[in-house]
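Beneath this line is the structure, given in structure tokens, with notes to follow.
The values are calculated or read from the model by the stated rules, or taken from the named source; none is laboratory data. Because the structure is predicted, anything quoted here is derived from the model rather than measured. Cβ placement follows ideal geometry from the backbone for every residue including glycine, while neighbour counts extend to all protein chains displayed. These accessible areas exclude ligands, DNA and RNA; they are computed on the full protein's heavy atoms, side chains included. Shrake-Rupley method; radii C 1.70, N 1.55, O 1.52, S 1.80 Å.
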Amino acid sequence: MARRKSVSIHMVLLLLGLLFLGLLGMISQGYLQEMISRPAVCFLALIVFLFFGVLWFEGQTYGAATLILLALCIVMGALGRVVFAWLPSVQPTSFIVIICGMVFGGRFGFMVGVGAAFSSNLLLGHGPWSLWQMAAWGGMGLFSGVLGAYLASHRMLLVSWGFVSGLLFGVGMNVWSVLTFMPSFSWGALVTACATSIYFDLAHGLSNSIFLYWQGERWQKLLLRAKKQYRI
């Protein structure tokens, strides 16, 4: 019964993702331009995605140890970003999100990503970018959970995923900037935005790879020990 419920929630999230991509397609063609603004559509789509993601997490019962560990991982992810704020795009937040998703699964990784983004922005500043960061880091934790078995058994695959996830994070934020600040969406504008931010995206991806190569195995053993001890 629990497995069937988990599969149904995955299907809901998949459909929401397809809906969001469909909305982006309609926006790019200008179909919604006269009905509602592009930022408003994206805002509503992200709210729905995050709502169902949190609802997915709430669909399972957790013990006190799991919730305490979740809060601790969120705090570490948030503080890691704040402490490294002086280095553009270099921070251990993505490293923590990926490791948590890989060890504890997609639900846990999703919540760590969303919580770390929200908490760190309390200090760094909230804005229209916050929902995109929450969704991007939440998605990073979610997919790290989906790929967990492969990432855990292949160190270089884990390191490579860290690099790729950093680039994908940058693409997501570039989509936000084009949809928000450009008069009309175009793939050319998106490519230009990606080319402009390539230094920061590469710094993000490379720092993820370095953190994962350097500390990934150690953190994995530490979290696996906590998972076994507290039956998470």
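Being in contact (Cβ under 8 Å) with a residue 60 or more places away in the chain and of a type in the set (V, I, T) holds for only one residue in V112, V82, V103, V97, and it is V103. A Cβ distance below 8 Å, combined with a sequence gap of six or more or placement on separate chains, defines the contacts here; from region 208-231, residues that are in contact (Cβ under 8 Å) with a residue 24 or more places away in the chain and over 19 Å from S94 (Cα atoms) reach residues that are surrounded by 14 or more Cβ atoms within 10 Å (Cβ to Cβ) and not acidic (D, E) in the pairs A226/L69; A226/I232; K227/V103; K227/F104; Y230/A65; Y230/T66; Y230/L69; R231/A65. Across region 92-123, the number of residues qualifying as closer than 13 Å to M134 by Cβ and open to solvent by 20 Å² or more (accessible area, probe 1.4 Å) comes to 4. Looking at region 209-220, is at least one residue modelled with pLDDT of 90 or more, in contact with a Leu (Cβ under 7 Å, 6 or more places away or on another chain), assigned to a helix (DSSP H, G or I) and open to solvent by 50 Å² or more (accessible area, probe 1.4 Å)? The answer is no; no qualifying residue exists.
F169 meets the conditions (1) modelled with pLDDT under 95; (2) part of a helix (DSSP H, G or I) in every case but one. The failed one is (1). Assessment of region 107-130 against the conditions (under 19 Å from I210 (Cβ atoms) and β-branched (V, I, T)) yields no matching residue. For A195, the conditions (1) surrounded by fewer than 15 Cβ atoms within 10 Å (Cβ to Cβ); (2) within 23 Å of V112 (Cα to Cα); (3) not aromatic (F, W, Y) are fulfilled apart from (2). Do we find that S89 is open to solvent by less than 30 Å² (accessible area, probe 1.4 Å), under 23 Å from Y199 (Cβ atoms) and either in contact with a strand residue (DSSP E or B) (Cβ under 6 Å, 6 or more places away or on another chain) or of a type outside the set (D, E) (or both) in this structure? Here the answer is no, as S89 does not meet what is asked. Applying the selection to region 174-192, what residues are among the hydroxyl-bearing types (S, T, Y) and either open to solvent by less than 20 Å² (accessible area, probe 1.4 Å) or in a loop (DSSP other than H, G, I, E, B) (or both)? Once the filter is applied, which keeps residues that are among the hydroxyl-bearing types (S, T, Y) and either open to solvent by less than 20 Å² (accessible area, probe 1.4 Å) or in a loop (DSSP other than H, G, I, E, B) (or both), region 174-192 yields S184, S186. Only a single criterion out of (1) open to solvent by 30 Å² or more (accessible area, probe 1.4 Å); (2) part of a helix (DSSP H, G or I) is not satisfied by L69, namely (1). Pairing residues of region 38-65 that are open to solvent by 50 Å² or more (accessible area, probe 1.4 Å) with residues that are among the polar types (S, T, N, Q), at Cβ distances under 7 Å and at least 6 apart in sequence or on separate chains, gives P39/T180.
Within region 154-173, the set of residues being within 19 Å of W132 (Cβ to Cβ), touching a residue at least 40 places away in the same chain (Cβ under 8 Å) and open to solvent by 60 Å² or more (accessible area, probe 1.4 Å) comprises just one member, V164.
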